[in-house]
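Below you'll find the structure, written out as structure tokens, and then a few comments.
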2 protein chains.
Amino acid sequence: MEKPVRRGRATEKTAVTISDVAKAAGVSTATVSRALANPAHVRADKRAKVLEAVARLGYAPNEVARTLRAGSSRMILILVPPHYNTSFFSTILDSIHNELASNGYTMIIGSLESPTEDGRNLTSLVFTRQLDGIIVLACTIPSRLQHSVFDAGIPVVSVCAEVGGHSIPTVVLNDEECAVLQAEHLISLGHRKLMYVAGIDGDYNEVQRYSGFRKTLVANRIDPQLAPRFQGDYRMQSGAAAARTFLEMADRPTGVVCCSDEMAIGFIRGITDAGLSCPRDVSVVGFDGIEYTDYFEPTITTIRQPRSDLGSSGARLMLRALAGDKVPTDTRIVLPGELLVRRSTMSLETESV
Amino acid sequence: MEKPVRRGRATEKTAVTISDVAKAAGVSTATVSRALANPAHVRADKRAKVLEAVARLGYAPNEVARTLRAGSSRMILILVPPHYNTSFFSTILDSIHNELASNGYTMIIGSLESPTEDGRNLTSLVFTRQLDGIIVLACTIPSRLQHSVFDAGIPVVSVCAEVGGHSIPTVVLNDEECAVLQAEHLISLGHRKLMYVAGIDGDYNEVQRYSGFRKTLVANRIDPQLAPRFQGDYRMQSGAAAARTFLEMADRPTGVVCCSDEMAIGFIRGITDAGLSCPRDVSVVGFDGIEYTDYFEPTITTIRQPRSDLGSSGARLMLRALAGDKVPTDTRIVLPGELLVRRSTMSLETESV
DNA sequence: TTGTAAGCGTTATCAA
DNA sequence: TTGATAACGCTTACAA
């Protein structure tokens, strides 16, 4: 037998490999591999020897080699939206992580955040890092990226929004009904001149919520055409911009429905700077239920999203798909939001006292 | 020549490999590899043929195989603290990402977030996924993890805090001086009864800032022993808890220095709920400069951290180390913070008018 | 139940 | 400058 000649770069710090363990335990590498991955198929005494050697040598399987050979990395990519609000998403990420980790999967986070990030990095990540799956979190996927994401042949699950153009298993909030809750709340307080501060135009959540808003007006015999709609982008600055528009109106609305809490905060800041007061001069409802709404002055009436459930339901859908279970592409899990009434809204009557 | 028998699992979707390209271009796989990684070492005409084939077949090198062979993944792990505040960290992550991405590195984010995450996942990530480096972001590393992180033989850089016990290249804010700015600002407004709302006990930033706070009192002939220190944890809830403690005091301070913006927000919420007003009854200074401070009512006086610079400086340190440059372990880059005076602080005299 | 050995897709050494 | 080929460390089909 020929002595194997070492080729390639010299390993600076030779890690413990499976053959070291095999040698130490007096078995073959195959047995070590089996003892670790498939304990039932290895006789107890050998298994014990292997485990002892593993512990003694501090062996950890090289995941890169495992991935190359087995064709699966046990890594799930979570796509998060640009400028995502951690106040909102961290809970979701956390619940996804818990669900995946307890099933042996690692999650890595990819964002379309920076200007330099046109998705090419992620594309290559998807194609070349042997990802096992992708969870899309409230993202609109650029078409360039869509191509690669959906062609990679790995399961994709969407959470918090539907991905336009592709039918994939999805977990969403009952966005439309929640917007109904927002508007009905204001109307029940006597407000009939309403304004709508929109999220990113065309965005799934935005479309759903605006639809609920309009339907509620119609149901209450208010002409939706007369309710101003401000085009925002979910962020605080656009809420402040909405306030500027609001302030210039001759016949100002008395109730404002916002598509995010951040915009509600920005809006209230804007009208406060102009000497108006919330809720005395105008009632404002937010959406999401981020922690800040409970600390802001005034505390903000909003829709609480079941973040943990959204995340874990999405992760479980992914795990099912990874387990080979054929999850129908039209699977929709719809979770209910909840109206939290706080101090940014008050009845119109009270105001005129 | 023997026909190679296909062993192992059948590949469902055979991706384009380097040998497909080699075949199409009429060269060897070695030449393809060189044409891509080391263009100068390949004759122009062959290189052109290779590139054409790459483009035509849509070839993307399998990074897993590359990593296994080359021993480097071009992946950097960013360790983020539990419950990290995105409002603050997203800018830092973004600048790190930009710096790394433009040098061919991918960043992955690992957090010590969840209760189930005791660091074992990350340990295995470090050891088994062939990471090239670790950037520790404002983290206190659990000792269990420290072992693996520092023994992995890859460069580690710390950003926003020093890692206790190990000397590694670090980028930090001049925390102590910033705390001096906070305290001096209040003192210059006539406040001499000051309270300090602390971050996590023993935490690097906390220690530095408290030191600056105490020094400023001493320099102004105020006995630091008489200034109450509330033990918080950087988060909003603990700010509200600090307010409850404050409210019970017989002789209430008139100025409050907080170790984070979130605690400042929580504190103001707490005293507002009790019928007090900020800044009329008490002046409050935050720390970090998150966007919310500019939207909260009142807007909050705080310390602005140079987040982009913190991130990119840290990333550049990492890139230097990856390039083989021996970065001294005692490297310290200290960046200056800036006091932003807003409306949560006012002069004590004005109050007594 | 166990061992042998092929092969995952790349890079890098060596010889030409 | 190029090609043949040996690893990288692991899993797994197959034979024993």
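Every read-out reported here was derived from the displayed coordinates using simple, explicitly stated rules and does not represent laboratory data. Predicted, not measured: the structure shown is a model, and the values here were computed from it. Ideal geometry is used to build each Cβ from the backbone, glycine not excepted, and the neighbour counts take in all protein chains shown.
Things worth noting here:
- Cα-based Rg and Dmax for chain B, where Dmax is the largest Cα-Cα distance (Å): 26.8, 100
- For A:Arg221, net neighbour charge (Lys/Arg +1, Asp/Glu -1) across residues whose Cβ lies under 15 Å away: +2
- To the nearest ten degrees, helix A:175-188 and the longest principal axis of the Cα atoms of chain A are 30 degrees apart.
- Distance from the A-onto-B rotation axis is smallest for the Cβ of the chain A residue given, in whole Å, as A:Thr86, 1.
- Between copies, the label points of A:Glu184, set 7 Å from Cα on the Cα→Cβ line, lie 5.8 nm apart, reported in increasing order to one decimal in nanometres.
- Within the protein assembly as shown, percent of DSSP bridges classed antiparallel, to nearest 5: 10
- Per-residue mean of foreign Cβ neighbours for A:85-91 is 4 (Cβ atoms of other chains, 10 Å radius).
- Between 0 and 90 degrees, the angle of helix B:307-322 with respect to the longest Cα principal axis of chain B falls at about 40 degrees.
- Note on A:Asp325 and A:Ser102: their simple-model spin labels are 1.5 nm apart, each label 7 Å out from Cα toward Cβ.
- Here A:Ala250 yields copy-to-copy label distances, from shortest upward, of 6.4 nm, the label point defined as 7 Å from Cα along Cα to C-beta.
- Where only C-alpha atoms are counted, convex hull volume of the range A:230-353 per residue in Å³: 128
- Reach of B:Lys23 by Cα under 18 Å, taken over aspartates and glutamates that are not fewer than 8 positions away in the same chain: B:Asp45, B:Glu52
- Averaging the sequence gap over all C-alpha pairs within less than 8 Å and six or more residues apart, then dividing by the number of residues, gives chain B a relative contact order of 16 percent.
- Between A:Ser308 and B:Leu339, the simple spin-label model (points 7 angstrom out along Cα→Cβ) gives 4.3 nm.
- Loop-located trypsin sites (Lys or Arg not before Pro) across the range B:226-307 with a Cβ neighbour count of 13 or fewer within 10 Å are B:Arg280, with loop assigned by DSSP.
- Straightening the chain between B:Lys23 and B:Ala40 buys 4.0 nm, computed as 0.36 nm per residue apart minus the Cα-Cα spacing.
- DSSP bridge analysis restricted to chain B gives an antiparallel fraction near 10%, rounded to the nearest 5.
- The residues B:Thr67, B:Thr299, when put in order of fewest to most other Cβ atoms within 10 Å, stand as B:Thr299, B:Thr67.
- Counting only Cβ charges, +1 for Lys and Arg and -1 for Asp and Glu, the dipole size of chain A around its Cα centre is about 1980 debye.
- Take each residue of peptide B:58-71, count the partner chain Cβ atoms within 10 Å of its Cβ, and average: the result is 5.
- With Cα atoms, 0 to 90° folded angle of helix B:261-273 axis to chain B main axis: 40
- Inter-site label distance for B:Gln231 and B:Asp251 at 7 Å from Cα along Cβ, in nm: 2.5
- For the options A:Ile303, A:Ile200, A:Ile78, a Gaussian network treatment of chain A with springs between C-alpha atoms closer than 10 Å singles out A:Ile200 as fluctuating the most.
- Label distances, nm, B:Pro82 versus same residue in remaining copies, Cβ-directed 7 Å point: 3.4
- For the residues of B:232-239, the average number of beta carbons from a partner chain within 10 Å of their own beta carbon is 1.
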